[in-house]
Amino acid sequence: MLALLHRLAIDIRANVATLFAAMAPILIGVAALAVDEASLHLEKRRLQSAADLAAIYAAGDPANAAERVERALLDAGYDPLPPTVLVQTGHYTPDPNMVPADRFAPDTGPANAARVTLRHPGRVHFASIFGLQSPTLGVSATASATPMAAWSIGSRLASLNDGLLNVILGGLLGGEISLSLMDYDQIVGLDVGLLDFLDALALELGLTAGTYSDLLDTQVSLGDIGVALASAAGNNAVLLELAGLIDDSITVDMARLIVADGLANLALGTSAAVEASVDALGLLTAAALVADGERHVSLDLGLNVAGLTGIDVDLVIGEPPQGGWFTLSGEGAYLRTAQTRLRLDISLLENDADLGLLSVRLPVYVELAPAEAHLASLTCPPGRPDLGRATVAARPGVLRLAVGHTAQPSFRDTRRPLAIEKTTILSLLGGLVRVTAYADVSMSQTSPVPLHFTAADVVAGKVYTARTATPLSGLTTSLLSDLELDLEIIGINLLGGLLSGLLGTVSALIAPVIGVLDHVLVAILDVLGIGIGEVDVALHGFDCRNAALVQ
């Protein structure tokens, strides 16, 4: 027996069969677990695909995200739905400087993204033999669709207005402009494609690579902007002539003119990516208004008005504090106009025998704080710009009218409040008798005015205006009716009785100014594309891009 056992122990025949028989249960178990693992992996991929599609579909309409997710899951074959379906909407910021996990902020507006989290028990076939429980599969997907709108503020068309456009544009552009009515007719209402203009500007600057964001981060001369506008308008002869008259030393920070939210990642030359047009003359005027440094224009208005001998006008344009004139952006964006100051030196002549022929000068100051507009809401189904809708909350800038004196440096310094002091408007006998005047009134719109745009408004080129409750005529009437007139007599008491009616005569002299002041202010600011107590907003196009996975 011992010999037989020894012989069996050293016999190596059929070892492989023996080992296989011994390992077979383990191999079968491993194979069963591999089948289950592959099955779970396949099921998780299917669940992930369903979450991806549901997130993309939900991001297209965050307001109805839950209903859209349910519909997407049912279409994917999940009936009944997975036990856990978590839908979150919020704001996604595609900022490469942020940690990817922080780019999606749930329950934060404006909602432009949706996150879908699914948990579903996995199905196993053999694991239960070994006493293993079915695992729970969990997946998550985040998609974002940021509809955008191309819009601008203060976009009222300029007016030729008896030569005022030539004088004001010439002062702002640093050249002598002489547009005729025929010239003006060739450029008024002339639209150019936004990206066609930017492509032409890049070519003018010699930029052949990069993005529109790179272009809009540069300082550009007004002359280059004029040439690019002419090129984008098919080499328009009038715009080319204007471009040749512009002072090339005047530069524009393009970020103050066009905000690049929706253009940041678009390469130069991809002009078909965004369909938006802008008014060529309006863009050129806006570029002049936001040009580097403060612009100063002096005007001499030869008006034939009874009781008035003339009006001298000083115009100062200050840079806007932030924002731009035009933007392609999503919900929540802001635009602001430039600050504007006017000083009108109105000369009056009285033929009353009691006064003799005296010259009376009434200095009127006008200050328009920057108006602002906010893209409060935007709905634009992916791929359907014809269904786009937007609401812009616009707030006209504070308008201040004053009669008084301010130093020239203070008037031109738009970074500081304008200080108004009582001033002499009439002087007799070498200053022994003086009439001083002072008034200061203002109006503002305390709450934003909602302006509602549709795709049809874009096609029609409509411009909507937000107005303050107080009309201009009421404000100028209030200014001059509240005018504080004081008679100052030095040394000769007898003059008090002789000149007792002087204040009433001066008041009568000033009466015709009310209507003239309204007319002059409207005329000057219409040329600049600015309204008194108003702000104009135009929507140029919807960019209804499809949702895409971001996480």
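The values are calculated or read from the model by the stated rules, or taken from the named source; none is laboratory data. From a predicted model like this one, the values you see are computed outputs, not experimental measurements. Neighbour counts are summed over all protein chains in view; Cβ atoms, including those assigned to glycine, are modelled from backbone coordinates with ideal geometry.
From the list ALA437, ALA466, ALA393, pick out the single residue that is buried (at least 20 other Cβ atoms within 10 Å of the Cβ), outside any helix (DSSP H, G or I), modelled with pLDDT of 80 or more and out of contact with any Ser or Thr (no Cβ under 7 Å at 6 or more places or on another chain).
Numbers: ALA437 fails: out of contact with any Ser or Thr (no Cβ under 7 Å at 6 or more places or on another chain); ALA393 fails: buried (at least 20 other Cβ atoms within 10 Å of the Cβ).
Among ALA437, ALA466, ALA393, only ALA466 is buried (at least 20 other Cβ atoms within 10 Å of the Cβ), outside any helix (DSSP H, G or I), modelled with pLDDT of 80 or more and out of contact with any Ser or Thr (no Cβ under 7 Å at 6 or more places or on another chain).
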Checklist line | All positions within segment 171-195 that are crowded, with 20+ Cβ neighbours inside 10 Å and in a helix (DSSP H, G or I) | finding: LEU172, LEU173, ILE187, LEU194, LEU195
Next item on the list: Any chance you could count how many residues in segment 524-551 are modelled with pLDDT under 75 and small (Gly, Ala, Ser)?
Entry: 3
Item checked: Extreme residue, surrounded by the most Cβ atoms within 10 Å (Cβ to Cβ), among residues of segment 374-388 that are part of a strand (DSSP E or B) and aliphatic (A, V, I, L, M) -> LEU378
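Examine segment 90-104 for a residue that is of a type outside the set (Val, Ile, Thr), in a loop (DSSP other than H, G, I, E, B) and more than 36 Å from the chain's Cα centre (by Cα), and state whether such a residue exists. Talk me through it step by step, then tell me what you get.
Residues of segment 90-104 of a type outside the set (Val, Ile, Thr): 90-92, 94-98, 100-104.
Checking the rest, the ones that are also in a loop (DSSP other than H, G, I, E, B) come to 94-98, 103.
Filter once more, keeping what is more than 36 Å from the chain's Cα centre (by Cα): none.
The answer is no, given that none of the residues of segment 90-104 is of a type outside the set (Val, Ile, Thr), in a loop (DSSP other than H, G, I, E, B) and more than 36 Å from the chain's Cα centre (by Cα).
Any idea which of PRO417, PRO370, PRO409 is surrounded by 15 or more Cβ atoms within 10 Å (Cβ to Cβ) and either modelled with pLDDT under 80 or in the same structural domain as GLY262 (by TED's automatic domain parsing) (or both)? Walk me through it before giving the result.
Values: PRO417 fails: surrounded by 15 or more Cβ atoms within 10 Å (Cβ to Cβ); PRO409 fails: surrounded by 15 or more Cβ atoms within 10 Å (Cβ to Cβ).
Within the list PRO417, PRO370, PRO409, the selection yields PRO370.
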Next item on the list: Check LEU509 against each of (1) surrounded by fewer than 20 Cβ atoms within 10 Å (Cβ to Cβ); (2) outside any loop (DSSP other than H, G, I, E, B); (3) modelled with pLDDT under 75 and name the one condition it does not meet.
Entry: (1)
Note to self: Taking the condition of being under 21 Å from the mean Cα position of the chain (by Cα) and not acidic (Asp, Glu), how many residues in segment 193-220 meet it?
What the structure shows: 14
